[in-house]
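The values are calculated or read from the model by the stated rules, or taken from the named source; none is laboratory data. From a predicted model like this one, the values you see are computed outputs, not experimental measurements. Note that each Cβ is placed from the backbone with ideal geometry, even for glycine, and that neighbours are counted across all protein chains shown. Side chains included, ligands, DNA and RNA excluded: accessible areas come from the protein's heavy atoms. Shrake-Rupley method; radii C 1.70, N 1.55, O 1.52, S 1.80 Å.
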Amino acid sequence: MDTFFSTYGFLMVQMMLQALLGLSLYFPMMAGQLSLASPGFYALGGYIAAVISTKVVVTQGMYPFHLLLLEILLGAMASGVLALLVGIPALRLKGIYLALATIAFVEILRVVSLNLDITGGAVGIFGIPQPFANPLSYALLVLPLLILVAWFAARLERSRVGRAFTAIREDELAADAMGINPTYYKVLAFVIGAMVAGGIGAISAHFLNTWNARQGTFDAAINVLAYVLIGGSRTFWGAIVGGFALTALPEILRPLGDLRLIVNGLLLVIGAIYLPQGLIRPAWLAALGKRKVALVQPKGEL
Amino acid sequence: MELGTFIQSLLNGLSIGSVYAIFALGYTLIFSILGIINFAHGAVFTLGAYFTYFLIGGVNNGTGVLTNLGLPFGLPFVLATLLGSLLAGGVGVILDRMAFRPLRARGADPLLALVLSLGLALLLVNLAQYLIGAEILSFPSNVYGDWLPPAINFGSTENPIPVRGVQIIIFTVSMFVVVILTLLINRTKIGKALRAVAENATTANLLGISTERFILFTFFLSGFLGGLAGTLVATSFSISGPYFGVTYGLKGLAVIVLGGLGDIPGAVVGGLVIGLAEAFVPGDFSAYKEAVAFALLFVILLVRPQGLLGRKVIQKV
């Protein structure tokens, strides 16, 4: 068991962190908004943690746990505020336009972080202190967090706010006519997603020990989008399963050596063509008897 | 700003902007017909440059599986560029047949086509890395022939305004392609059919236009333009590895949104605007040059989402 964790512990924590990132993208998607901004907020949260723990507070030995919690909170809050500022104008855009605006947002943040002194420029920030001795202890923080966010998503899906999200996703004009304020709910979904991404960034910075501009790139945004779409975008389970599966996939394919990234791309292609609704579908979950059938049946695919 | 520097920036901006334009035209053609953004376009750009490089007889000094590969012959550059771009167009055709068409046949959401194209980009880029390697491949500096001087002086002897000869060639070729393409779209029967398919595919089909054939043609044209743009940029700088096209792929997005998604003159205007904006970034802020296109993209989306030349879409219930 010990060897299992020492071999795969890092991967397992990474899978949970990526599943959480997937969830951060799932929240806007609940309201029908395709936002690729998650890696931008993730990078922001990570930089906040990295700067605090290496430049503001100087500690010896293990990094204090309460400071880590503070960083997570700060990362989430800062991301939430930024999301509010960006979201109010940006969420007037629909579909592909919003996706493009969020790509632009991520790229701008990336170039800025490449050029600022405080973020360490192109080199990034090194030697971020460790609050835990091994990946297993990280898992004891990240797993409850994953369960908490997933539980929140599950509650949200069935709440009044969640139903407003669904209504906007299915038909924004109709939702508006029914007295739902689309802008309010879209910005809310965007801010929730950003806060999750920012908080996860703060943990990841410690976990990865180093933080640089490569954390928040277009490629990262695409990976996270793939988690949700390959996993299934109609239930929060999709983001989790997709995050787990696609993070583990390169490791599973490791015996293929240099071919594994090619196979990874091929699987995305095949997934898009043959699993248009993703791996996990609400109807499928309902058949398992775990959940009630979703109130609104999906009208199209995806 | 000094007049000399101004003219120099202007010419450099126009040159790079014109490449952005023909690259972005490949994006915008597919968007106008299918309403999807083909992220694999950046990968096709890279492949086009690789094709031309090998066709002129270049040897692979990368460490991929095909290391030290070289064709036993070398074509003249102009012919190699043409053939390389045609091959890139062929890649576009394969992508449509193998991936986009099966997805279309299932009537899937356009968002899924986005994911599909990203998967294809990942596939192509890593395939290139596997076969060729991640090393930089450079075209010979006199690839256009010895008649082309490395730099042309646009100023006087006292106040020289040197502009690289390659830049002039790139601008001329790109503008030529833009004119040909505009004529093709606006003055020929093929162009008329393409516009009909773009306006409404179902109606066009009912009126006897073979929609699938024109979609395939669009993918070919898009691949051709992408491949040509890749070759032109590679002769100006070099092929910086399989990820060569990724930055251009993202900038191309900014270009088409700036001009208006799916709008052909818009893509040209957008390309030139972004090329010029980048060229005029002051030296002190040159590190932020990479963000210019995205800042413009973000601003234009907020101020005028339909783009500079685009039509406003009125949502009908």
(message) The conditions are (1) at pLDDT 90 or above; (2) within 14 Å of another protein chain (Cβ to nearest Cβ), and B:Phe219 fails exactly one of them. Which is it?
(response) (2)
(request) Would you mind finding the one in A:Ile118, A:Ile128, A:Ile88 that is more than 9 Å from every other protein chain (Cβ to nearest Cβ), surrounded by fewer than 16 Cβ atoms within 10 Å (Cβ to Cβ) and either in a loop (DSSP other than H, G, I, E, B) or within 19 Å of the chain's Cα centre (by Cα) (or both)? (result) A:Ile118
(message) Please verify whether A:Gly242 is assigned to a helix (DSSP H, G or I) and either within 18 Å of B:Ala121 (Cβ to Cβ) or modelled with pLDDT of 85 or more (or both), treating the condition exactly as stated.
(response) yes
(message) I'm trying to understand the selection: among the residues of region A:245-282, which are assigned to a helix (DSSP H, G or I) and polar (S, T, N, Q)?
(response) A:Thr247, A:Asn264
(request) For region B:126-156, enumerate the residues that are outside any loop (DSSP other than H, G, I, E, B) and more than 8 Å from chain A (Cβ to nearest Cβ). (result) B:Ala128, B:Leu131, B:Leu137, B:Ala151, B:Ile152, B:Asn153
(message) Cβ-Cβ distance below 6 Å, separation of 6 or more or different chains: which pairs start in region A:17-38 with a residue that is closer than 15 Å to A:Pro182 by Cα and end on one that is part of a loop (DSSP other than H, G, I, E, B)?
(response) A:Pro28/A:Ser35; A:Met29/A:Ser233
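Let's see how each residue does on (1) in contact with a helix residue (DSSP H, G or I) (Cβ under 9 Å, 6 or more places away or on another chain); (2) over 25 Å from A:Ile96 (Cα atoms):
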site	(1), (2)
B:Thr5	no, yes
B:Leu10	yes, yes
B:Phe31	yes, no
B:Asn38	yes, no
B:Phe45	yes, no
B:Val65	yes, yes
B:Ser85	yes, yes
B:Ala99	yes, no
(request) Any residue in region A:256-270 that's touching a residue at least 40 places away in the same chain (Cβ under 8 Å) and at the interface with another protein chain (Cβ under 8 Å from one of its Cβ atoms): show its pairings with residues that are part of a helix (DSSP H, G or I) and buried (at least 18 other Cβ atoms within 10 Å of the Cβ) at Cβ separation under 8 Å, as long as the two are six or more apart or on different chains. (result) A:Leu268/A:Ala226; A:Leu268/A:Ile230; A:Leu268/B:Val115; A:Leu268/B:Leu116; A:Leu268/B:Leu118; A:Leu268/B:Gly119; A:Leu268/B:Leu122; A:Leu268/B:Leu123
(message) Can you pull out every residue in region B:94-120 that is facing chain A (nearest Cβ under 8 Å), out of contact with any Asp or Glu (no Cβ under 8 Å at 6 or more places or on another chain) and without any contact (Cβ under 8 Å) to a residue 60 or more places away in the chain?
(response) B:Ala99, B:Pro102, B:Leu103, B:Leu111, B:Val115, B:Leu116, B:Gly119
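Conditions (1) touching a residue at least 12 places away in the same chain (Cβ under 8 Å); (2) assigned to a helix (DSSP H, G or I); (3) open to solvent by 40 Å² or more (accessible area, probe 1.4 Å); (4) acidic (Asp, Glu), marked per residue:
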site: B:Ile33; (1), (2), (3), (4): yes, yes, no, no
site: B:Asn38; (1), (2), (3), (4): yes, no, no, no
site: B:Thr52; (1), (2), (3), (4): yes, yes, no, no
site: B:Gly62; (1), (2), (3), (4): yes, no, no, no
site: B:Thr81; (1), (2), (3), (4): yes, yes, no, no
site: B:Gly84; (1), (2), (3), (4): yes, yes, no, no
site: B:Leu87; (1), (2), (3), (4): yes, yes, yes, no
(message) Can you tell me which of (1) open to solvent by less than 10 Å² (accessible area, probe 1.4 Å); (2) farther than 19 Å from A:Gly22 by Cβ is the one A:Gly179 doesn't meet?
(response) (1)
